[in-house]
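The values are calculated or read from the model by the stated rules, or taken from the named source; none is laboratory data. Here the structure is a predicted model, which means the values were calculated and not measured. No Cβ is skipped: glycine too gets one built from the backbone with ideal geometry, and neighbour counts run over all protein chains shown. These area figures cover heavy atoms from the full protein model, side chains too; ligands, DNA and RNA do not enter into them. Shrake-Rupley method; radii C 1.70, N 1.55, O 1.52, S 1.80 Å.
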Amino acid sequence: MNLQERVVVITGAGAGIGRASALEFARAGARLVIADINAAGAEETVKQIEALGRQALAVKADVADPSSVEHLVEETLKTFGRVHVLFNDAAIQVNKTIEDTTIEEWNREMAVNLGGIFLCSKFFLPALRRTKGCIINMASVNGFFVEPLCAGYCATKGGIIALTKAMAIDHGKEGIRVNCICPGYIDAGLAWGYFEAQPDPAAARAAAGKLHALWRIGKPEEVGRVAVFLASDDAAFMTGSAVVVDGGFGSGLPPQN
Ligand SMILES: NC(=O)c1ccc[n+]([C@@H]2O[C@H](COP(=O)([O-])OP(=O)(O)OC[C@H]3O[C@@H](n4cnc5c(N)ncnc54)[C@H](O)[C@@H]3O)[C@@H](O)[C@H]2O)c1
């Protein structure tokens, strides 16, 4: 994929799938804006991109805070002048039933996972319109298949799939494509947190691979490469799609051992 000189903003790129995706975009020639609430994580991602000989800017940003997102847009345009791709990856996961979830936890999960996509898309759209750019939203197989102890999270991921399709319809005629990615278990922060929340974390981790037809969980870069494809001209006729990257999760195969 050739994304030479395209400007790509990735939220939540200070760790996990966001960081791995940023490195894949950099390898494809893009210039990156690394946005994360964790400034140190964002700086570390920039360091890794610079080691590849590519350019990146770290911006501390809370996607749930309108003024922080406006600041992110300003910094992006000040440094690069334009933006071609917005990858809304940042999310949190409350590993509780609805009854155990506090009102503060519920509100924060909605504000980051769904509200963050709303705010970043809203404030980046004028710039994306100028480049006929694209938006990639991070959903999850949990938007289709739910699991125990993460009800609010599943609700946000189902919402993101619907939001993606609605945004695609609203902005398609402007040449803006909007797709989402639905990964299965990926070896990164939110899956680690989910394992830790189970009664036997080691057993949960060991069992997770067998939920996938490929009998393993995914690597962050295996999601990142799909994001690069979706951002590229090779995906020019794709919009409103929920692209499943899940190693065959929930394929109905019982664990064989
Ligand atoms: N790991 C998985 O198994 C898995 C599976 C399906 C989907 N996903 C999705 O992939 C995305 C990344 O997950 P991950 O496992 O890499 O997570 P992670 O925890 O490793 O990384 C998430 C990053 O988002 C940042 N972040 C959190 N709140 C933020 C905010 N308010 N503003 C800006 N940044 C914020 C964190 O600081 C962190 O750097 C999420 O959208 C998640 O729902 C993950």
Next item on the list: Could you pull out the trypsin sites (Lys or Arg not before Pro) across region 94-141 that fall in loop regions by DSSP (anything but H, G, I, E, B) with no more than 12 other Cβ atoms inside 10 Å?
Entry: 132
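With a sphere of radius 11 Å drawn around the Cβ of residue 130, what net charge do the other residues whose Cβ falls strictly inside it have (Lys, Arg +1; Asp, Glu -1)? Kindly include the intermediate steps, with their values, before the conclusion.
Values: positive: 82, 129, 132; negative: 174.
Its environment carries a net charge of +2.
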Checklist line | Nearest-ten-degree value, helix 66-80 long axis tilted from longest Cα axis of the chain | finding: 50 degrees
Notebook entry, point to check: Where does the Debye-calculated log10 I(q)/I(0) of the chain sit at q = 0.13, 0.17 Å⁻¹, using only Cα point scatterers of equal weight, no solvent?
Noted result: -0.78, -1.33
Next item on the list: First select every other residue whose beta carbon is under 11 angstrom from the beta carbon of residue 30; then total the charges, Lys and Arg +1, Asp and Glu -1.
Entry: +2
Notebook entry, point to check: Taking the Cα atoms only, what angle lies between the long axis of helix 220-231 and the longest principal axis of the chain, rounded to 10 degrees?
Noted result: 40 degrees
Next item on the list: Could you please state how large a percent of the accessible area of the chain is carbon and sulfur, counting protein chains only and using a 1.4 Å probe?
Entry: 58 percent
Notebook entry, point to check: Once the Cα atoms of helix 151-171 and of the chain are each reduced to a long axis, what angle between those two axes, in degrees from 0 to 90 to the nearest 10, is obtained?
Noted result: 30 degrees
Check: What number of lysine-lysine pairs in the chain show an alpha-carbon separation below 25 angstrom, given a sequence spacing of 8 or more or placement on distinct chains?
Finding: 21
Item checked: Vicinal HN-Hα couplings computed from phi for region 128-140 (Karplus, 6.51 cos²θ - 1.76 cosθ + 1.60; Hz; Gly/Pro x) -> 5, 5, 5, 9, 6, x, 9, 10, 10, 9, 8, 9, 5
Item checked: Other-chain or far-sequence residues with amide H under 5 Å of residue 58's (modelled H) -> 34
Check: So what are region 37-188's ellipsoid semi-axes, whole angstrom, largest first, if each one is the square root of 5 times an eigenvalue of the alpha-carbon gyration tensor?
Finding: 27, 20, 15
Item checked: Radius 11 Å from Cβ of residue 46, net charge of other residues (Lys, Arg +1; Asp, Glu -1) -> -1
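Considering every Cα-Cα pair within region 64-108, what fraction, in whole percent, is farther apart than 11 Å?
Details: 748 of 990 pairs.
Of all Cα-Cα pairs in region 64-108, 76 percent lie more than 11 Å apart.
Which FRET efficiency, nearest 0.05, do residue 97 and residue 132 yield, Cβ-Cβ r, R0 51 Å? If you can, show how the numbers build up before the last one.
Details: r = 44 Å, r/R0 = 0.85.
Between residue 97 and residue 132 the formula returns 0.70.
Using DSSP to call loops (not H, G, I, E or B), can you name the GluC sites (Glu not before Pro) in region 55-113 whose Cβ has at most 15 other Cβ atoms within 10 angstrom?
On the way: sites: 70, 74, 75, 99, 104, 105, 109; in loops: 99.
Passing sites in region 55-113 are 99.
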Check: Taking amide hydrogens as modeled 1.01 Å from N in the peptide plane, which residues meet the under 5 Å criterion relative to residue 185, leaving out close sequence neighbours?
Finding: 218
Checklist line | Average accessible surface area per residue within the chain, 1.4 Å rolling probe, Å² | finding: 44 Å²
